[in-house]
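Enquirer: Have a look at the structure that comes next, please.
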Amino acid sequence: MSGHDIAAEIASALREAGEATGEGPYYCTLRREPENSATTPSQAEAAAGQPPELIEVIALQSERQRRDHTGTPVGETRRVLMIEATGAQPRKTDWIAAGVRAADVDADTQFERIESVKEEKPAGVVLFYEITLTA
């Protein structure tokens, strides 16, 4: 079994875990602003009017106690999302709406800042991403 096969198995397990809770998969939507690779003022102006890209992913959500350098809890809890690695790679510059499908995003949707993105990739193949949300 290859690393990519294992990543697909993990993605399937994330979906099944959501089904097992009776609520179905936990959908989240990444909001990615267009990259500004413009080389001329007219290209920059055209890029400025582009809407953000919305990318739907499947996740599991958990909470973790934040700890100091000695391992002592500091009384702060962070939300952590385990994201499938079979689609788009999340970036620290993305924003995320946890529990919201891309088709349901509207002007009132609350997106949260991503504090960090960690790749879990033993043997060099990304199996899943761990996203920590800013408190």
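The values are calculated or read from the model by the stated rules, or taken from the named source; none is laboratory data. Bear in mind the structure is a predicted one, so any value in this text is a computation, not a measurement. When we count neighbours, we look across all protein chains shown, and the Cβ atoms used for this are built from the backbone with ideal geometry, even at glycine.
Enquirer: Need pairs with beta-carbon distance below 6 Å; first residue within 9 Å of GLU84 (Cα to Cα) and within segment 12-23, second acidic (Asp, Glu) and not in a helix (DSSP H, G or I); sequence gap 6+ or separate chains.
Expert: If the second residue must be acidic (Asp, Glu) and not in a helix (DSSP H, G or I), the pairs left are LEU14/GLU84.
Enquirer: If you scan segment 96-118, which residues turn out to be charged (D, E, K, R) and either within 9 Å of the chain's Cα centre (by Cα) or part of a strand (DSSP E or B) (or both)?
Expert: Within segment 96-118, GLU112, ARG113, GLU115, LYS118 meet the criteria.
Enquirer: Check whether at least one residue in segment 119-127 is hydrophobic (A, V, I, L, M, F, W, C) and either closer than 20 Å to GLU63 by Cβ or within 9 Å of the chain's Cα centre (by Cα) (or both), and report yes or no.
Expert: No, the conditions are met nowhere in segment 119-127.
Here's the yes/no breakdown for (1) at pLDDT 85 or above; (2) within 25 Å of the chain's Cα centre (by Cα); (3) farther than 22 Å from ALA20 by Cα:
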residue: THR40; (1), (2), (3): no, no, yes
residue: GLN43; (1), (2), (3): no, no, yes
residue: ALA46; (1), (2), (3): no, no, yes
residue: PRO52; (1), (2), (3): yes, yes, yes
residue: ILE55; (1), (2), (3): yes, yes, yes
residue: ILE58; (1), (2), (3): yes, yes, no
residue: GLN65; (1), (2), (3): no, yes, yes
residue: GLU76; (1), (2), (3): no, yes, yes
residue: LEU81; (1), (2), (3): yes, yes, no
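Enquirer: OK, next. Tally time: how many residues in segment 92-135 are in contact with a Leu (Cβ under 8 Å, 6 or more places away or on another chain) and either among the acidic types (Asp, Glu) or over 19 Å from LEU14 (Cβ atoms) (or both)?
Expert: Residues flagged as in contact with a Leu (Cβ under 8 Å, 6 or more places away or on another chain) and either among the acidic types (Asp, Glu) or over 19 Å from LEU14 (Cβ atoms) (or both) within segment 92-135 amount to 8.
Enquirer: I'd like the residue in segment 83-95 that is closer than 24 Å to HIS4 by Cβ and part of a strand (DSSP E or B) and, out of all such residues, is farthest from the chain's Cα centre (by Cα).
Expert: Result: GLU84.
Enquirer: On to the next question. Which condition from (1) farther than 23 Å from LEU127 by Cα; (2) assigned to a strand (DSSP E or B) is the one that GLU63 breaks?
Expert: With (1) farther than 23 Å from LEU127 by Cα; (2) assigned to a strand (DSSP E or B) applied to GLU63, the lone miss is (1).
Enquirer: Out of the residues in segment 89-110 that are more than 17 Å from PRO25 (Cα to Cα) and in contact with an Asp or Glu (Cβ under 9 Å, 6 or more places away or on another chain), state the one that is surrounded by the most Cβ atoms within 10 Å (Cβ to Cβ).
Expert: Of everything passing the filter in segment 89-110, ASP94 is surrounded by the most Cβ atoms within 10 Å (Cβ to Cβ).
Enquirer: Can you go through GLU119, GLU84, GLU130 and tell me which one is in contact with a helix residue (DSSP H, G or I) (Cβ under 7 Å, 6 or more places away or on another chain) and surrounded by 12 or more Cβ atoms within 10 Å (Cβ to Cβ)?
Expert: From the options GLU119, GLU84, GLU130, the qualifying one is GLU84.
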